[in-house]
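The values are calculated or read from the model by the stated rules, or taken from the named source; none is laboratory data. Please read all numbers here as calculations on a predicted model, not as lab measurements. We place every Cβ from the backbone using ideal geometry, glycine too, and count neighbours over all the protein chains shown. The area values use the complete protein model at the heavy-atom level, side chains included, leaving out ligands, DNA and RNA. Shrake-Rupley method; radii C 1.70, N 1.55, O 1.52, S 1.80 Å.
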Amino acid sequence: MKKDIILCGVGGQGILSIAAAIGAAALKNNLYLKQAETHGMSQRGGDVVSHLRLSSEPIFSDLIPLGGADLILSVEPLEALRYFPYLSPNGTIVTNNVPFKNIPNYPSEETIFAELKKWKNLVIINAEEIAESLQAKRSSNIVMLGAAVPFLGIPYDSFAAGIKEIFERKGQEIVETNLAALKAGYDFANKK
């Protein structure tokens, strides 16, 4: 098993929590993992990308080469396009459809989605709307994670267990909220 994943968005959207949950699920399945954040983690609203590599064999580099990613998980649609050159020919894009307009010349949403829809393996989800319907507005990143789970090659239950571990110090209510968000994203992707 080998999965190379690009996680992208803007600062403050929960990329590190997504990476932690994927990492916890990978470790529960005795997988090797390497991760590298390569841009903007400290700046809220700035470009954020994390390379996450999972494998049943040892991994020698933490960076994914151009054309090598199996999955782009983007919590912001323009960021999915920014990292598109990393996607392998059979790779999948899972992206939120809610833009974070943090630059003055942000392209039109029509332009962004017209480009994204050219890709054959694509899941577009409104993670904010789903999170709000669960009364869990701050869990939209976990909705995004749930939508990516079917493409990661790791059992859903491993992600649920990872969510419990990561959020248990914040209390059972936060754990349950994030589990509901994970399941909602997972169910959405499985309907596609």
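General remarks:
- Over all Cα atoms in region 1-91, the spread is summed up by Rg and Dmax: 12.5, 36 Å.
- Sequence-ordered 3J(HN,Hα) estimates for region 181-188 from the Karplus curve with 6.51, -1.76 and 1.60 and θ = phi - 60° stand at 5, 4, 5, 5, x, 4, 4, 4 Hz, glycine and proline given as x.
- Shape of region 86-173, Cα gyration tensor, a/c cut at 1.5: oblate
- Residue-wise HN-Hα coupling along region 84-98, computed from phi with Karplus coefficients 6.51, -1.76, 1.60 (Hz; x: Gly, Pro): 3, x, 7, 6, 6, x, 9, x, 10, 10, 10, 9, 6, 9, 9
- Pair-distance profile P(r), taking every C-alpha pair of the chain, with 5 angstrom steps and integer %: 1, 8, 17, 22, 22, 17, 8, 3, 1
- With every protein chain in place, region 105-192: carbon and sulfur % of accessible area (1.4 Å): 47
- The Cβ shell under 15 Å around Phe84 holds other residues with a net charge of -2, Lys and Arg each +1, Asp and Glu each -1.
- Between Ala147, Ala24, Ala114, the GNM of the chain built on Cα springs shorter than 10 angstrom shows Ala114 fluctuating the most.
- Expressed as a whole percent, the accessible surface of region 1-104 that belongs to carbon and sulfur atoms is 53, based on a 1.4 Å probe.
- Helix-only mean residue ellipticity at 222 nm for the chain, each DSSP H run of n ≥ 4 adding -39500 (n - 2.57), per residue, nearest 500: -12000 deg cm²/dmol
- Net charge of neighbours whose Cβ lies under 12 Å from the Cβ of Gly153, counting Lys and Arg as +1 and Asp and Glu as -1: 0
- Here each label is just a point 7 Å from Cα along the line to Cβ, and for Thr111 and Ser133 those points are 3.1 nm apart.
- Here's the picture: charge each Lys and Arg Cβ at +1 and each Asp and Glu Cβ at -1 in region 41-168, and of Gly67, Ile154, Leu54 the one pushed furthest to the positive end of that dipole is Gly67.
- Excluding ligands, DNA and RNA, the accessible surface per residue across region 72-187 is 49 Å² with a 1.4 Å probe.
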